[in-house]
Every structure is written in C-alpha cells, then in structure tokens.
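The values are calculated or read from the model by the stated rules, or taken from the named source; none is laboratory data. In this text the structure is predicted, and so the values were computed from the model without any measurement. Cβ placement follows ideal geometry from the backbone for every residue including glycine, while neighbour counts extend to all protein chains displayed. Note: areas computed on protein heavy atoms with side chains; ligands, DNA, RNA excluded. Shrake-Rupley method; radii C 1.70, N 1.55, O 1.52, S 1.80 Å.
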Amino acid sequence: SLELSCLGSFAVRQNGSLIPRERWTSLHAQLVLVYLAQRGSATRDELIELLWPDEELDKTSTRFRSTMRLLRQALYTPSEGGIDYIIYQNKRYTFAPLLEITSDMQQFQHWIRSARQQHDSARHNACKQALSYYHGEFLPGSYNEWVIRQREHLAEDWLWAKEEYATGLMRHGRFNDAEVHARRVISADPLRERAWRLLIQTLRQQGRTGEALRMYQTFVQQLHDQFGIEPDLETRRLVAPLLEEHAGD
C-alpha cells in the first residue's frame, strides 16, 4: 500500500512506514506520483506535458527517463524483493495490480462531494471530515501549472467547507467556535462576503453588536477600496437592525 500526503506537505507511507524524505531527490518524481494517484494512469506524452509543458517532446526524453528512474528508486524496498510499484503497459504508466493507494487529497475530495449532496447535520459532519484532511495548500512550493490549478480548486472547496461547518456550529449554538472558522476564512480570502456575514452573525449572537457593526464597516471599506461597490442585498439586510440600534453612536 501507498498512502500519500500532499495537503500542507509531501510525504509517502509505504505499507505503513514513512519513506525517508532524503529519498525524494526529485520534485518531478513527486509530481508524477501524485498525478498518477489522482488520474490512475497516464501516457508518456501526458507526463512530459505535465512536467515540461512549454518544451518539445523530443527534447525531454532523457529528463523524463531520469525522473521515472528516481521515482522508482524512491519507492524501491529491498525487503519486498524490489517490487516495481509503477508499471508501463498498453502504452500507459500506472500502478501495479493489487496496489492500494490512498491520499489525503482524495479523502478530502470524497468528503467534499458527500457534503455537497447532503443537508443540515449530514452536511455539517461531512464538512468536518473533509476539513480533517486539509492541512494546508496542495504541494506547497510547487509552481507547476497543473498543481496551481488543483491548489486553487482545493482551496475553494476548503473555504466552502469552512463556511458550511461554521453555519452548522451556529445552528448548535456554538457561536464562538463559528466565529473562529469565519475569521479563518476571511484571513484566507478577505473579500469573501459570506464569511463576513457569518462573522457578523456570530458576533451579534454573542451580544457583541458594536464589534459586529465595526466588522461590517471594515468590509464595506474594503469593497469600496478594491472594487468601488457596496455589499449585496443579503448582507445589507442582515446589518440593517445593527445600523438602527447604533444610529446615535
């Protein structure tokens, strides 16, 4: 079995044992492994396009062979008789039969899909499971085009799950905990309007109406400075009672 960690950091466990970091001498080898884990298989040309998208295929053959050699060396375990985890058949690279491969990325995506299909407490619990697998951005430090696209998509799912989880916490009266999650989303995306609404709601429920109003004013100023627009109607309706309450302040 192979267990990949690629959210927040890169690590691979082979039959439960961590492969030492010093065996991962190639970032390209790491990327090929993660890509195959996500896609299941890939042709030689697909992997070359992944690694060197702006170069001609005939100029990358030597580097590609070196990358695959370094990947196999990283996975090589003498005690297992030198099993080849990566095989080439039918003109595609894939994993050896019967190999069980899992990753935190796949688990995160599984629970996100589950959450989007559920409602109320079931969605809340699925979001909680998803968040337990997200320990940071996808393959940090890599600037590969495919990685960047995946990173942005996963980060958006994480923000959504944090908001949904905070909403569930509010339903259970855990306003302080919901506030923590709302602030974390805003820290990651300062113009995410739903997170600002959640923050304002949590503060209001805790009786911190003055602070809630100040948060709204901060958000209004940021929208104005960045885009020259005002909050949407839902946000303005949420804050209307606060504005009336503090009209004379």
From the coordinates shown, Rg/Rh (Cα atoms, Kirkwood Rh) corresponds to which of (1) 0.94; (2) 1.11; (3) 1.00: (2)
Taking just the alpha-carbon atoms of the range 92-223, what radius of gyration and Dmax come out, in angstrom? 17.5, 62
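Hand me the GluC sites (Glu not before Pro) from the range 1-91 located in a DSSP loop with no more than 16 other Cβ atoms within 10 Å, in residue order please. Could the numbers behind the result be given before it?
Numbers: sites: E3, E22, E46, E49, E55, E56, E80; in loops: E55, E56.
Taking the range 1-91 and a limit of 16 other Cβ atoms within 10 Å, the loop GluC sites (Glu not before Pro) found are E55, E56.
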Those aspartates and glutamates that a straight Cα-Cα span of less than 15 Å connects to K59, excepting residues fewer than 8 apart in one chain: D45, E46, E49
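Where both partners of a DSSP beta bridge lie in the chain, what percent of those bridges are antiparallel, to the nearest 5?
Details: 13 of 16 bridges.
Rounded to the nearest five, the antiparallel share is 80 percent.
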Among all the lysines, which ones have a C-alpha under 29 Å from K162's C-alpha, if same-chain residues fewer than 8 places away are not counted? K128
For the range 29-97 and the range 9-23, what is the separation of their C-alpha centers, rounded to whole Å? 17 Å
Counting only heavy atoms of protein chains, what accessible area per residue, in Å², does the chain have with a probe of 1.4 Å? 54 Å²
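Can you list the trypsin sites (Lys or Arg not before Pro) in the range 1-97 that are in a DSSP coil and have 13 or fewer other beta carbons within 10 angstrom?
Those that pass, being in a loop and sparsely packed, are K91.
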Sequence-distant or interchain residues sharing an amide H contact under 5 Å with E137, placed H: which? G8
Could you tell me the center-to-center distance, by alpha carbons, between the range 126-158 and the range 165-243 in angstrom? 24 Å
I need the phi-derived Karplus couplings for the range 122-134: 6.51 cos²θ - 1.76 cosθ + 1.60, θ = phi - 60°, integer Hz, Gly and Pro marked x. 5, 5, 4, 5, 5, 5, 4, 5, 4, 5, 5, 9, 9
